[in-house]
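To start, the structure under review is shown below, and the notes come after it.
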Amino acid sequence: MTERSLDELGPVDYLVVEFPPGQQNFTGAAAEELMRLHDAGIIRVMDLIIIGKGADGTVMAQELGDLDDLGPLGRIEAELAETLAEADVLTFGAVMEPGSIGAVLVYENLWAAHLGSALRHA
């Protein structure tokens with residue numbers, strides 16, 4: 001990734017998804033779609049953290065680099081800005097159901113970067 005100024009930054013959003021206990025079916029389709037959006041220049045993945053909540057309420061988090069098999073996400077692991085802090089993880093984990101797994105994705109909307117820059121200059 002090339003360095004860009006803050007003026008060139010597109011709007012940043014986040015997406016939080018929780019997978020209830022016993023209903024997790026990770027086929028890799030979501031990772032493939034995320035990489036399709038990345039490769040098409042629609043978004044830039046800034047951070048992606050997997051959060052698990054144990055049956056006892058313990059919140060655990062893994063960054064992409066912590067995972068054994070990154071699959072297609074391995075191509076972006078070194079480019080992540082790692083914007084989420086431990087406090088963010090604990091906040092998201094607090095509302096999760098025990099035994100569930102969640103994902104927090106922070107992404108830049110590259111498609112809107114030029115619009116954002118124009119609006120900042122207006």
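Laid out as a table, the results:
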| read-out | value |
| --- | --- |
| Identity of the residue in segment 90-100, outside any loop (DSSP other than H, G, I, E, B) and touching a strand residue (DSSP E or B) at 6+ places or on another chain (Cβ under 8 Å), that ends up surrounded by the fewest Cβ atoms within 10 Å (Cβ to Cβ) | 94 |
| Given (1) under 23 Å from residue 12 (Cα atoms); (2) open to solvent by 30 Å² or more (accessible area, probe 1.4 Å); (3) over 15 Å from the mean Cα position of the chain (by Cα); (4) among the polar types (S, T, N, Q), index of the condition residue 62 fails | (3) |
| Strands (runs of 3 or more DSSP E) completely within segment 1-89 that count 1 or more residues being of a type in the set (Ser, Thr, Tyr) and within 30 Å of residue 122 (Cα to Cα) | 12-19 |
| Unique residue being on the phi > 0 side of the Ramachandran plot, at pLDDT below 85 and either open to solvent by 50 Å² or more (accessible area, probe 1.4 Å) or of a type in the set (Lys, Arg) (or both) when the list is 77, 3, 82 | 82 |
| Leading residue by the ranking (most open to solvent (accessible area, probe 1.4 Å)) among those in segment 105-122 that are within 18 Å of residue 36 (Cα to Cα) and aliphatic (A, V, I, L, M) | 110 |
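Yes or no, residue by residue, for (1) over 27 Å from residue 9 (Cβ atoms); (2) in contact with an Asp or Glu (Cβ under 8 Å, 6 or more places away or on another chain); (3) without any contact (Cβ under 8 Å) to a residue 24 or more places away in the chain:
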position	(1), (2), (3)
26	yes, no, yes
43	no, yes, no
46	no, yes, no
75	no, no, no
101	yes, yes, no
120	no, yes, no
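The values are calculated or read from the model by the stated rules, or taken from the named source; none is laboratory data. Since the structure is predicted, the reported quantities are computational estimates derived from the model, not experimental observations. Neighbour counts run over all protein chains shown; Cβ positions are idealised from the backbone, glycine included. Side chains included, ligands, DNA and RNA excluded: accessible areas come from the protein's heavy atoms. Shrake-Rupley method; radii C 1.70, N 1.55, O 1.52, S 1.80 Å.
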